[in-house]
Every structure is written in C-alpha cells, then in structure tokens.
Amino acid sequence: MEKIAMNKVVKSMLEKINWFVWLVLVILWNYGFPQATPIQDVIVAVILSILFIIIKMFQLRHLKKKDTRSKFD
C-alpha cells in the first residue's frame with residue numbers, strides 16, 4: 001500500500017517538475033528570440049511539449065519497471 005502511495009507522489013512530483021522545466025524553456029525561448037514570429041513561438045512550444053511527452057513516457061516506463069522488481073532487489 002505504501003508503495004502505491006509513494007508511486008503516486010513520485011508521478012505527481014515528476015509531472016510538476018516537467019511542467020516547470022517546460023515553462024522555463026518556453027520563457028527562455030521568448031526572451032532569447034524576441035524577434036520570433038508568433039507561429040515560431042507556437043512551433044517551439046509544440047516541439048517542447050512533444051519532447052516532454054516522450055520524456056514522461058520514459059519516466060513512467062522506468063517507474064513501472066521498478067514496481068515489478070522483487071522486494072529483495
């Protein structure tokens with residue numbers, strides 16, 4: 001039971017960290033390239049979103065892999 005609760009806490013924390021990093025990268029893009037057009041801003045935000053979706057998939061796969069391990073590992 002503790003493991004399930006801990007897993008939910010870890011997932012929630014990872015989601016918050018990922019969102020914050022995504023936000024910081026979008027802000028850095030906007031301040032780093034102020035001459036970018038709105039469509040370029042949208043394209044970069046979408047690319048970063050896709051990148052973080054892929055990262056999230058790897059993180060969840062890693063968490064699931066840890067759950068299937070024996071208690072004695």
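Structure data summary
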item	result
Positions within segment 32-48 being surrounded by 12 or more Cβ atoms within 10 Å (Cβ to Cβ), among the small types (Gly, Ala, Ser) and not in a loop (DSSP other than H, G, I, E, B), in sequence order	45
Segment 24-54: number of residues that are within 18 Å of the chain's Cα centre (by Cα) and hydroxyl-bearing (Ser, Thr, Tyr)	1
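A short reminder: the numbers here are calculations on the coordinates, not readings from a lab. All figures in this text were calculated on a predicted structure; none of them were measured in a lab. Neighbour counts run over all protein chains shown; Cβ positions are idealised from the backbone, glycine included.
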